[in-house]
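Report on the following structure.
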Amino acid sequence: PCGQFNILNENLYPIIKDLYEEYIEMFRLDKGDRYFHMGGDEVKLSCWKEDETFQKMLKEKHPDLSATEDETYYKLWGDFQNKVLSLYENDLGMNNSKIVLWNSHLTQIDNLDKISKDKYTIQFWGNLFEEHFLEELGNILDSGFEVIMSNYDDLYLDCGFGPWVGGAANNWCSPYKSWKTIYEADVRKFVTNTYPGSNHADKIIGGETAIWTEQTSSSDMLQRVFPRTWAYAERLWTNPDSDVAENEEGSWEEAQVRLAHFASLMNKRGISSNTFKPQFCLQNTGACVLPRTPSSAQQPIATLLLLLSVLLGLL
């Protein structure tokens, strides 16, 4: 069933105001808190096009607009977005806000003029290895918007499992994103290399891993979020050089030692996570480290060391 708002129904806006007031109270926001996420993804124009009540209101309120043109609905969507922005800022007094929206059809080049770069920050979920998403990200950055990265090719934590709908072997955003993949997600370097000659990297103000609850619940939430989010936190806070040699500061091998001990500490404090490596390896730093590209002579020794570490970890 369609779950979209009828944005032409004026009775909607007092409800949204009540929701925002509840959020402000629940999360203890005050006028000094800047960022507030309003969502904005997965809006389906067909929900408005096919709804009889919406179409009747459209004809009554906007007889000059075409009911068949997509541009009509993007205009109304933009009007709605700015109306709820005014409600949040003016009616509720949160006028120091920067509203976060997911990238969507509203943030594509033909519609970006409907929202202000001074009022909105875009959270980008697209795949950085797909050309149309790269073009969209470039247009957003060219237009001066600040961006929070949550690109699903690196930062979606519910990928790599069986699908909950449909008949595919894996869910839509597979494969699984390992902590190493996430640790090496140096998006500022990627943006600098992808859009040379620009200052786009300066517009990347942060990032966020994302976990969705279609296939996640309280029983496995922490194990899916950690240690991968800890790894990304270090990437964002310290942004180590991602091109360093094996075991040097900034390498994933060097980070693994610290992150494994941090995970052990957090586990003792009741915050569980996926296991990094066998207990023997944790207790004997360096004993289980295999070279990135072992020589043919090293391969048998490396395999024996790995088997030994697993066996000792089971004892």
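The values are calculated or read from the model by the stated rules, or taken from the named source; none is laboratory data. A quick note: this is a predicted structure, and the numbers were derived from the prediction, not measured. Every residue, glycine among them, receives a Cβ derived from its backbone with ideal geometry; neighbour counts consider all protein chains shown. SASA here: full protein model, heavy atoms, side chains in, ligands and nucleic acids out. Shrake-Rupley method; radii C 1.70, N 1.55, O 1.52, S 1.80 Å.
General remarks:
- Above 24 Å, the calculated P(r) of region 1-148 contains 38 percent of its Cα-Cα pairs.
- Assuming charge only on the beta carbon of Lys and Arg (+1) and of Asp and Glu (-1), the dipole of the chain about its Cα centre is about 1060 debye to the nearest 20.
- The convex hull built on the alpha-carbon positions of the chain has an orientation-averaged projected area of 21.2 nm².
- All C-alpha to C-alpha distances of region 110-167, sorted into 10 Å bins beginning at zero, yield P(r) values of 20, 43, 25, 12, 0 percent in whole numbers.
- Globularity index of region 67-195 is 1.23 (Cα radius of gyration / 2.2 N^0.38 Å, N = number of residues).
- Simple spin-label estimate for Glu254 and Asn96 in nanometres, 7 Å along Cα-Cβ: 3.8
- Cross-link pairs beyond the 25 Å C-alpha cut-off, checked among Lys17/Lys117; Lys203/Lys277; Lys59/Lys119; Lys75/Lys98; Lys117/Lys189: Lys203/Lys277; Lys59/Lys119
- Mean-square fluctuations from a GNM of the chain, with a 10 angstrom spring cutoff on Cα atoms, peak among Gly286, Gly160, Gly39 at Gly286.
- Mean-position separation - Cα centroids, region 69-145 and region 14-53, in angstrom: 14
- Length gained on full extension, Thr213 to Leu265, computed as 0.36 nm times the residue gap minus the Cα-Cα distance: 16.0 nm.
- Fraction of accessible area attributable to carbon and sulfur, the chain (%, probe 1.4 Å): 53
- Computed over region 152-273, the Cα gyration tensor eigenvalues convert (square root of 5λ each) into semi-axes of 26, 21, 12 Å, ordered from largest to smallest.
- In the elastic network of the chain, a GNM with C-alpha springs shorter than 10 Å, the most mobile of Pro163, Pro240, Pro14 is Pro14.
- Remark: the chain carries 56 Å² of accessible area per residue (probe radius 1.4 Å; ligands, DNA and RNA excluded).
- Projecting the Cα atoms of Asn171, Ser273, Asn151 onto the dipole axis of the chain, where Lys and Arg carry +1 and Asp and Glu carry -1 at the beta carbon, places Ser273 farthest toward the positive end.
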